[in-house]
Amino acid sequence: MSHGHNHNNRVGSLKGLKWTLALTALLMIVEFIGGWLSGSLALISDAGHMLTDVLALGLSLLAIRFATAPANAKKTYGFYRLEILAALLNGVTLILLSGYIFYQAWQRFSSPTEIKSGLMIIVALAGLAVNLAGFFILRASSKENLNVRGAFLHVVGDLLSSAAVVIGGLVIRFTGWLMIDPILSVLIGVMILKGAYSLVKESVDILLEAAPEGMESREIEKALTGIKGIKAVHHLHVWSLSSGIHALSAHVQIDDQMTSQSDALLSEIQELLEHKFGVLHTTIQFECAECADMTCSPVNCGAHK
């Protein structure tokens, strides 16, 4: 993992979000018009869903632009965390959206809405095609970027909604059974809620500076103490600045030596952390056994990256 790799990921994410935003906005307009012409509450509701997604995608786009801004004297790590705040907001929005879907489904169970299934199916098929395009545009970036994953989950929700509307329209057209609409809405809501919970949980973990998923401080400590010349490791902290960008600080006890002699050991530590654990930002403070007796100075025992 490298800084250049993360920069390329963000450039790709930016282009993908732009295309997806344009397609989603176009689809939103089409669904509003289609819902108005057909009298379909389902299509109008789905267009409202699209409006939420347009706002979410726009927010994600702005977050990535800010995240690429250089660090300054006050924001020494830059603006990476804006991506996480956007992801958290997207997750909360998804939870609220699923609640709205459940509410609408409950209303339709008690009072089914008549739908002109022909136009409903045509517009829903157009939506399905657009959402499939958005799905493939964002799929790769969503695996490496938490903020894009939030936008991707919105697109997945749209994709499921469009598919459900198509299925519902076909069932209504050939059977007249209106209950299919709220049933499919509940299923969609459950899937959206599950993805939203995962997104919110991971966002909160990053904001609370929890250890990255799949990374244990004990495992890192064990790996570091396995390096020749390291006696012990303590005050070890590992956290994420943003999705895929991890940082670590630790006190490492070594033999008393000059800073020039510890350079090779520091390089070995940094290489292990980067290649085995994907940690790019490290702050390592070297200490020696005699430090407690003030026989070595911080100049000789400290180093960082």
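We did not get these values from a lab; they are worked out from the coordinates using the rules stated. Note that the coordinates shown come from a computational prediction; the quantities given were computed from them, not determined experimentally. So basically every Cβ, Gly included, is an ideal-geometry build from the backbone, and we count neighbours across all protein chains shown.
Tabulated data for the structure shown
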| item | result |
| --- | --- |
| Cα convex hull of the range 3-207 - mean projected area over all directions, nm² | 11.0 |
| Between the range 234-259 and the range 153-210, the Cα center-to-center distance that results, in Å | 42 |
| Eligible lysines near residue 231 by straight Cα distance, threshold 22 Å, same-chain separation 8 or greater | 222, 276, 305 |
| Segments 185-191, 49-55, 76-82, 230-236 sorted - mean Cβ within 10 Å per residue, highest first | 49-55, 185-191, 76-82, 230-236 |
| Length-normalised contact order for the range 110-220 - Cα pairs under 8 Å, 6+ apart - percent | 28 |
| Dipole moment magnitude, nearest 20 debye, the range 94-216 about Cα centre, only Lys, Arg, Asp, Glu C-beta charged | 520 |
| Dipole in debye (nearest 20) - the range 3-207, about Cα centre, beta carbon charges: Lys, Arg +1; Asp, Glu -1 | 580 |
| Eligible lysines near residue 194 by straight Cα distance, threshold 18 Å, same-chain separation 8 or greater | 143 |
| Residue (of 21, 80, 226) at the positive-pole extreme of the chain, dipole from beta-carbon charges | 21 |
| The chain: relative contact order as a whole-number percent, Cα under 8 Å and 6+ apart | 17 |
| Cross-link reach list, aspartates and glutamates versus residue 116, counting only Cα pairs under 20 Å and skipping chain neighbours closer than eight places | 31, 46, 181 |
| Among 148, 288, 246 the positive-end extreme of the charge dipole of the chain (Cβ point charges) | 148 |
| Whole-Å semi-axes of the ellipsoid equivalent to the range 62-157 (Cα gyration tensor, √5λ, descending) | 36, 18, 9 |
| GNM top mover of 139, 218, 149 - the chain, alpha-carbon springs below 10 Å | 218 |
| Relative contact order computed over the range 80-170 (Cα-Cα under 8 Å; 6+ residues apart), in percent | 42 |
